[in-house]
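For reference, the structure discussed in these notes is given below.
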Amino acid sequence: MRARLKMETIKLTIDNKQVEVEKGTTILNAARKMGIDIPTLCHMHLHDLNIENKPGGCRICVVEVHGRRNLSPACITKCDDGAVIRTHTPRVLNARRTVMEFILSDHPKDCLICPKSGHCDLQDMANRLGIREIPGQEIAEMSTYRKDTSPSIIRELDKCIMCRRCEMMCNEVQTVGALSAVNRGFMAVVAPAFEQNLEYSPCTYCGQCVAVCPTGALTEVDHTREVLRAIVDPTKTVVVQTAPAVRAALGEEFGMKPGTLVTGKLVAALKELGFDFVFDTDFAADLTIMEEGTELLTRVGKFLKGDKDANIPILTSCCPGWVNFFEHNFPDLKDVPSTAKSPQQMFGAIAKTYFADKINVRRQDMVVVSIMPCLAKKYESQRPEFAVDGNPDVDFSISTRELAHFIRQANIDFNNLPDMDFDRPLGESSGAGVIFGNTGGVIEAAVRTAYELHTGKKLSRLDFDELRGMEGVRQATIDFGGFPLNIGIAHGLGNARKLLDEVRAGRSKFHAIEVMACPGGCIGGGGQPLHHGDSSILKARAKAIYEEDKNKPIRVSHENPYIIQLYKEFLGEPNSEKAHHLLHTHYFDRKAKIIIKQ
Amino acid sequence: MSSIKIELRQQDVDKINEICDSFNNDPVELINVLHKTQEHFGYLPAEVQEVIADKMNIATARVYGVVTFYSFFTMTPKGKHPISICMGTACYVRGAEKVLDEFKKELAIQVGQTTGDGKFSLSSLRCVGACGLAPVVLVGDKTYGRVAPDDVKAILKEYE
């Protein structure tokens, strides 16, 4: 047990009520502890992930501290012993309103057609503060930035309010460094270097900037119209796959409690929308485990024989944000990750070959749509190496949020839908495929299969609690029939960078490392319903995913009967030549190059 | 998405690396590194910022953020003899604006521009801490105090 330090506490008064807090507590946190909800805009705190953004920039949270001449921003002002604070005097309310009017003065007033409408923190705040007019609009200068559309993310900087949450996610949490505050005064904005398009920056399309943006400045590229067009086209067979994390979050968009599993309703909704076949990315997750798990065993086997080319540790490669990250930042290590494609891409490759043949549909007449918690998946599906003669394995990738919107547009009463089952054969999955949505899930799924294949023994327990949790970097040692397999797990790219730096320096003790780009894994992906800074939502989603795994009759990938059938009928063995051709890929060096002029 | 390619001469890359090394490549020294680099090149083009970012292990966006925040840094080449006129309060009330107008007239350029022959560039700044000498003009490293509009021609002549 760690010795418990006695906390030094102080007493103060907020809105005529006494409160005792730990020394160093901000006024904002002290007030929230008492149930006084001081409004904030730029401030964001993801408690369980130790992520806090408090630039003290927006000044919406100002309060009156007795004895101080100026109003103080509650999010960055620490409580003093004996302080007397008032959070809603006429002076405070007036200041708050004025601040809001200034923020709105150059903000576009196109709420009716803004993609963030209804989910916008700025809109909510204007409503909460009762803003009914913005003085001086007729003479106000509007900011004018050009709109930047990348394969995954749209930046509409006229709507940027300089809260700098995206900058914090991109630099502190993800250490990607694509975005920074640039310029000053009226022209100040968050942008990539030289204000280039995101496409020419080291952006990984993880979408965490989009997930925390309070306004419509950062949104995803919407593909729902193209999907609808494909569905109504009688010459097209439209196949849909849904990622594991979607089922644990989609319900939130329809007013359900975070962590409500909606797998059955999700399938029913997709059928209602008119997809010809509703399949599960979890099937492809099982397939990933067969390929990646086999690669893991081969590489560890070589390592045990003392082979210098064993290439240990093996890194997971399911997460496209993570793949983009190492291509930009660690191109010297591009042979270290598994060559296995991500489940989304494996699904596309199998759907447009094996399944297309089965139902006698030509490749060009099949459209594969994926529902993903992720924005990087949009970019991934457009990578040229994942197409055959210009026809992509996955035609469109839409996010959980886009799907919710799609369902509403189709007048579907989601909450009252019956539970339905995925179609066969690409809709059957094991519990191992489901947990891909959580940090630690991919490696747990791989361990379940690799252990049983390596030792020839059945696992007595399938829940590897040592691989689960929300800590940014975790490690565990699993006994592989006498051989201790060291496993590292990182979620959030900043944490991944720590493990990668060790690998680069030759100091890593791990044999296998799982990385997911987003905090919490796919459940916290950039395409998920917005959590607005409430990290308990992520925990609830993670719990739901483990629930679904527990309730599955089959919980290891290699026992999925349709996976066994796929190898028997089509692929042969895991890592066979055909499997390599369809299910594996290679990586590129995308680091900025300095060329010497002659 | 294609890789960004930056073209620079070897001696320029060497010089930038040397400057970064002299500050131990410490990210907190970024502003000092940018100062020294601008002193050498006269300005901070995108290519130079990329090299600094790479060498000091800082995001290029961050370097660009600092360059665009401080008005001292510039991404356009300055003249061989950069002229700065102090427009701080003390200089302003003692007639700095008239001095500036005279420079604009003589050089036929506006603030932020460089003469066609690349000899002079014009900028205004806020207070150099020599208020006792107001109005103050800087040409390169040299400081001129109590400058009157009539002095402008003579100052320019020194650099011909």
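Answer with yes or no whether A:Asp148 is away from chain B (no Cβ under 14 Å), in contact with a Leu (Cβ under 9 Å, 6 or more places away or on another chain) and acidic (Asp, Glu).
Details: away from chain B (no Cβ under 14 Å): no; in contact with a Leu (Cβ under 9 Å, 6 or more places away or on another chain): yes; acidic (Asp, Glu): yes.
Judged against the criteria, A:Asp148 is not a match.
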- [ ] Please tell me if A:Ala450 is hydrophobic (A, V, I, L, M, F, W, C) and in contact with a Gly (Cβ under 7 Å, 6 or more places away or on another chain).
- [x] yes
Task: Residue list for the stretch A:357-403, filter: free of Cβ contacts under 8 Å to residues at least 24 places away in the same chain and of a type in the set (A, V, I, L, M, F, W, C) - done: A:Ala387
- [ ] Mind counting the residues in the stretch A:191-201 that are within 7 Å of chain B (Cβ to nearest Cβ) and either in contact with a His (Cβ under 7 Å, 6 or more places away or on another chain) or hydrophobic (A, V, I, L, M, F, W, C) (or both)?
- [x] 2
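Just to be sure before I move on: is A:Ser342 polar (S, T, N, Q), in contact with a strand residue (DSSP E or B) (Cβ under 6 Å, 6 or more places away or on another chain) and surrounded by 24 or more Cβ atoms within 10 Å (Cβ to Cβ) in the structure I sent?
So A:Ser342 fails the test.
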Task: Subset of the stretch B:81-98 that is touching a residue at least 24 places away in the same chain (Cβ under 8 Å) and of a type in the set (D, E, K, R) - its residue that is farthest from B:Gly42 (Cα to Cα) - done: B:Arg94
Open item on the list: Out of everything in the stretch A:151-186 that is over 21 Å from A:Thr40 (Cβ atoms) and among the basic types (Lys, Arg), what residue ends up being farthest from the chain's Cα centre (by Cα)?
Closed with: A:Arg184
Open item on the list: I'd like to check something: does the stretch A:184-195 contain any residue that is within 20 Å of A:Phe422 (Cα to Cα) and not β-branched (Val, Ile, Thr)?
Closed with: no
TODO: Mind listing just one residue for me: the one in the stretch A:192-210 that is of a type in the set (A, V, I, L, M, F, W, C), crowded, with 24+ Cβ neighbours inside 10 Å and within 21 Å of the chain's Cα centre (by Cα) and, of those, farthest from A:Arg590 (Cα to Cα)?
DONE: A:Val210
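Please state which one of B:Leu44, B:Leu100 is aliphatic (A, V, I, L, M), within 14 Å of another protein chain (Cβ to nearest Cβ) and either farther than 30 Å from A:Cys170 by Cβ or surrounded by 15 or more Cβ atoms within 10 Å (Cβ to Cβ) (or both). Give the derivation first.
Numbers: B:Leu100 fails: within 14 Å of another protein chain (Cβ to nearest Cβ).
Among B:Leu44, B:Leu100, only B:Leu44 is aliphatic (A, V, I, L, M), within 14 Å of another protein chain (Cβ to nearest Cβ) and either farther than 30 Å from A:Cys170 by Cβ or surrounded by 15 or more Cβ atoms within 10 Å (Cβ to Cβ) (or both).
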Task: A:Tyr546 hydroxyl-bearing (Ser, Thr, Tyr) and within 14 Å of chain B (Cβ to nearest Cβ) - done: no
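Against the definition (in contact (Cβ under 8 Å) with a residue 40 or more places away in the chain, over 16 Å from A:Met125 (Cβ atoms) and among the acidic types (Asp, Glu)), how does A:Asp110 come out, yes or no? Lay out the reasoning, then the answer.
Details: in contact (Cβ under 8 Å) with a residue 40 or more places away in the chain: no; over 16 Å from A:Met125 (Cβ atoms): yes; among the acidic types (Asp, Glu): yes.
Against the criterion (in contact (Cβ under 8 Å) with a residue 40 or more places away in the chain, over 16 Å from A:Met125 (Cβ atoms) and among the acidic types (Asp, Glu)), A:Asp110 does not qualify.
Which of the residues that make up the stretch A:397-434 are of a type in the set (A, V, I, L, M), crowded, with 17+ Cβ neighbours inside 10 Å and in a loop (DSSP other than H, G, I, E, B)?
Pass one, the stretch A:397-434, residues of a type in the set (A, V, I, L, M): A:398, A:403-404, A:407, A:410, A:412, A:417, A:420, A:426, A:432, A:434.
Now restrict to residues that are crowded, with 17+ Cβ neighbours inside 10 Å: A:398, A:403-404, A:407, A:412, A:417, A:420, A:426, A:432, A:434.
Within the stretch A:397-434, A:Ile412, A:Leu417, A:Met420, A:Leu426 qualify.
Return the only residue of A:Ala126, A:Ala95, A:Ala188, A:Ala83 being at negative phi, within 14 Å of chain B (Cβ to nearest Cβ) and surrounded by 15 or more Cβ atoms within 10 Å (Cβ to Cβ). Please lay out each step first, then the result.
On the way: A:Ala126 fails: within 14 Å of chain B (Cβ to nearest Cβ); A:Ala95 fails: within 14 Å of chain B (Cβ to nearest Cβ); A:Ala83 fails: within 14 Å of chain B (Cβ to nearest Cβ).
None of the other options fit; the residue is A:Ala188.
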Open item on the list: Looking at (1) within 13 Å of chain A (Cβ to nearest Cβ); (2) in contact with a strand residue (DSSP E or B) (Cβ under 9 Å, 6 or more places away or on another chain), which one does B:Ile58 not meet, given that it meets all the others?
Closed with: (2)
TODO: Could you figure out which of (1) farther than 30 Å from B:Glu18 by Cβ; (2) of a type in the set (A, V, I, L, M, F, W, C); (3) surrounded by fewer than 19 Cβ atoms within 10 Å (Cβ to Cβ); (4) touching a Lys or Arg at 6+ places or on another chain (Cβ under 8 Å) isn't true of B:Cys86?
DONE: (3)
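Being free of Cβ contacts under 8 Å to residues at least 12 places away in the same chain and within 14 Å of chain A (Cβ to nearest Cβ) is the requirement here; does B:Thr76 meet it?
Spelling it out, it is not the case that B:Thr76 is free of Cβ contacts under 8 Å to residues at least 12 places away in the same chain and within 14 Å of chain A (Cβ to nearest Cβ).
Counting only residues that are outside the structural domain of B:Arg146 (by TED's automatic domain parsing), give me the helices (runs of 4 or more DSSP H) lying completely in the stretch B:38-134 with at least 1 of them. Even if it seems obvious, please write down each step before you answer.
On the way: elements: B:46-56, B:60-69, B:89-93, B:96-107.
Fully inside the stretch B:38-134 and qualifying: B:46-56, B:60-69.
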- [ ] Identify all residues within the stretch A:481-498 that are surrounded by fewer than 23 Cβ atoms within 10 Å (Cβ to Cβ) and either among the β-branched types (Val, Ile, Thr) or not in a strand (DSSP E or B) (or both); write none if there are none.
- [x] A:Gly481, A:Gly482, A:Gly494, A:Arg497, A:Lys498
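Residues are listed down the side, and each one gets a yes or a no for (1) touching a Cys at 6+ places or on another chain (Cβ under 9 Å); (2) within 15 Å of B:Cys91 (Cβ to Cβ); (3) not charged (D, E, K, R):
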residue	(1), (2), (3)
B:Gly116	no, no, yes
B:Lys119	no, no, no
B:Cys127	yes, yes, yes
B:Ala134	yes, yes, yes
B:Leu138	yes, yes, yes
B:Thr143	no, yes, yes
B:Ala148	no, yes, yes
B:Ala154	no, no, yes
B:Glu160	no, no, no
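Given the stretch A:164-241, what strands (runs of 3 or more DSSP E) lie entirely inside it while holding 1 or more residues that are under 30 Å from A:Ala269 (Cβ atoms)?
Values: elements: A:180-182, A:189-191, A:218-220.
Strands (runs of 3 or more DSSP E) meeting the threshold: A:218-220.
Among residues belonging to the stretch A:562-595 that are part of a loop (DSSP other than H, G, I, E, B) and within 14 Å of another protein chain (Cβ to nearest Cβ), point out the one that is farthest from A:Leu315 (Cα to Cα). Break it down stepwise before answering.
Kept after step one, since they are part of a loop (DSSP other than H, G, I, E, B), are these residues of the stretch A:562-595: A:572-576, A:585-592.
Applying the additional criterion that residues be within 14 Å of another protein chain (Cβ to nearest Cβ) yields A:587-592.
Details: A:Tyr587: 13, A:Phe588: 16, A:Asp589: 17, A:Arg590: 18, A:Lys591: 20, A:Ala592: 23 Å.
My answer is A:Ala592.
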TODO: Would you confirm whether any residue within the stretch A:526-534 is more than 14 Å from every other protein chain (Cβ to nearest Cβ), modelled with pLDDT under 95, surrounded by fewer than 17 Cβ atoms within 10 Å (Cβ to Cβ) and in a helix (DSSP H, G or I)?
DONE: no
Task: Residue, farthest from the other protein chains (Cβ to nearest Cβ), within the stretch A:202-236, restricted to residues that are under 18 Å from A:Ile371 (Cβ atoms) and among the hydroxyl-bearing types (Ser, Thr, Tyr) - done: A:Thr224
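Could you tell me which residue of the stretch B:61-73 is farthest from A:Thr175 (Cα to Cα), considering only residues that are facing chain A (nearest Cβ under 9 Å) and surrounded by fewer than 18 Cβ atoms within 10 Å (Cβ to Cβ)? Walk me through how you get there before you give the answer.
In the first step, residues of the stretch B:61-73 are kept if they are facing chain A (nearest Cβ under 9 Å); the result is B:61-71.
With the extra rule that they be surrounded by fewer than 18 Cβ atoms within 10 Å (Cβ to Cβ), the set shrinks to B:69-71.
Details: B:Phe69: 21, B:Tyr70: 24, B:Ser71: 27 Å.
Looking at the filtered set, the residue picked out is B:Ser71.
Would you mind finding the one in B:Ile19, B:Ile31, B:Ile52 that is farther than 20 Å from A:Arg184 by Cα and more than 12 Å from every other protein chain (Cβ to nearest Cβ)? Quick ask: steps written out before the conclusion?
Details: B:Ile31 fails: farther than 20 Å from A:Arg184 by Cα; B:Ile52 fails: more than 12 Å from every other protein chain (Cβ to nearest Cβ).
Selected residue: B:Ile19, the only one of B:Ile19, B:Ile31, B:Ile52 that is farther than 20 Å from A:Arg184 by Cα and more than 12 Å from every other protein chain (Cβ to nearest Cβ).
Which ones in the stretch B:137-151 are more than 11 Å from B:Phe103 (Cβ to Cβ) and of a type outside the set (Phe, Trp, Tyr)? Outline the logic, then answer.
Initially, the stretch B:137-151 is screened for residues more than 11 Å from B:Phe103 (Cβ to Cβ), giving B:138, B:140-146, B:148, B:150.
Listed by number, the residues that qualify are B:Leu138, B:Gly140, B:Asp141, B:Lys142, B:Thr143, B:Gly145, B:Arg146, B:Ala148, B:Asp150.
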Task: Which numbered condition B:Thr89 fails, given (1) away from every other protein chain (no Cβ under 14 Å); (2) touching a Pro at 6+ places or on another chain (Cβ under 8 Å) - done: (2)
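The values are calculated or read from the model by the stated rules, or taken from the named source; none is laboratory data. None of the values given here were measured: they were computed from a predicted structure. Cβ: placed from backbone, ideal geometry, glycine included. Neighbour counts: every protein chain shown.
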